Amino acid sequence: LPDALRTTRSLRKSAKHYTTTVDAAFTQVLERCADPSRPFGWIDDDIRRVYTALFEAGHVHSVETWDAAGRLVGGLYGVSLGGLFAGESMFHDPRIGRDASKVALLGLVRVLDDGVEGRLLDVQWVTPHLASLGAVEVDRSDYLRLLDEALDLPAPDWGSHA
């Protein structure tokens with residue numbers, strides 16, 4: 001759930017050095033997430049084509065993190081259906097983007113936190129990185145109930161954050 005995001009003092013301090021945008025550089029975020037040198041890479045040409053088509057249809061969105069020099073240093077993308085956002089992948093530049101993927105997640109939560117209760121942020125699996133930000137594993141039956149409720153909610157206004 002988006003309201004479960006934990007932001008440490010150091011993350012809030014780090015976030016002040018970045019700006020975030022929504023859907024401003026989807027192709028670049030997808031390419032950086034698909035970097036074949038990343039461990040456990042799964043984003044191939046077919047996946048890129050499908051997600052690009054879904055982005056063009058308005059079902060996939062990206063959040064980008066930029067440094068003061070205007071460089072893309074982090075980001076994420078995922079599928080948005082009703083009140084569900086299913087995160088697919090995120091990245092940060094390890095040289096110049098410390099905490100940049102976390103800052104992108106903060107930007108995503110700002111989009112989802114528009115006063116509509118019950119939105120669901122599905123991170124697919126809980127990694128130590130995501131657990132440190134408040135992600136929790138949810139029992140299957142609870143998840144299906146939350147998902148059913150979230151899908152009936154209106155989508156956030158992605159355009160107001162672009």
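Starting from a Cα-only point model with no solvent, please compute log10 I(q)/I(0) by Debye for the chain at q = 0.18 1/Å.
Values returned for q = 0.18 Å⁻¹ are -1.18.
What trypsin sites (Lys or Arg not before Pro) in region 38-147 are in a loop by DSSP, with at most 15 other Cβ atoms within 10 Å of the Cβ?
Taking region 38-147 and a limit of 15 other Cβ atoms within 10 Å, the loop trypsin sites (Lys or Arg not before Pro) found are R71, R95.
Normalised by the number of residues in the chain, what is the relative contact order in percent for Cα pairs under 8 Å and 6+ residues apart?
Answer for the chain is 28 percent.
What do you reckon, how do T65, T20, T27 stack up by accessible area (1.4 Å probe), largest on top?
T27, T20, T65
Count neighbours as other Cβ atoms within 10 Å of each site's Cβ, and list the GluC sites (Glu not before Pro) in region 41-143 that are DSSP loop with at most 16 such neighbours.
Within region 41-143, the qualifying GluC sites (Glu not before Pro) (loop, at most 16 other Cβ atoms within 10 Å) are E117, E137.
The values are calculated or read from the model by the stated rules, or taken from the named source; none is laboratory data. Predicted, not measured: the structure shown is a model, and the values here were computed from it. Glycine gets a Cβ as well: all are built from the backbone with ideal geometry, and neighbour counts include every protein chain shown. Surface accessibility is based on the protein's heavy atoms, side chains included, excluding ligands, DNA and RNA. Shrake-Rupley method; radii C 1.70, N 1.55, O 1.52, S 1.80 Å.
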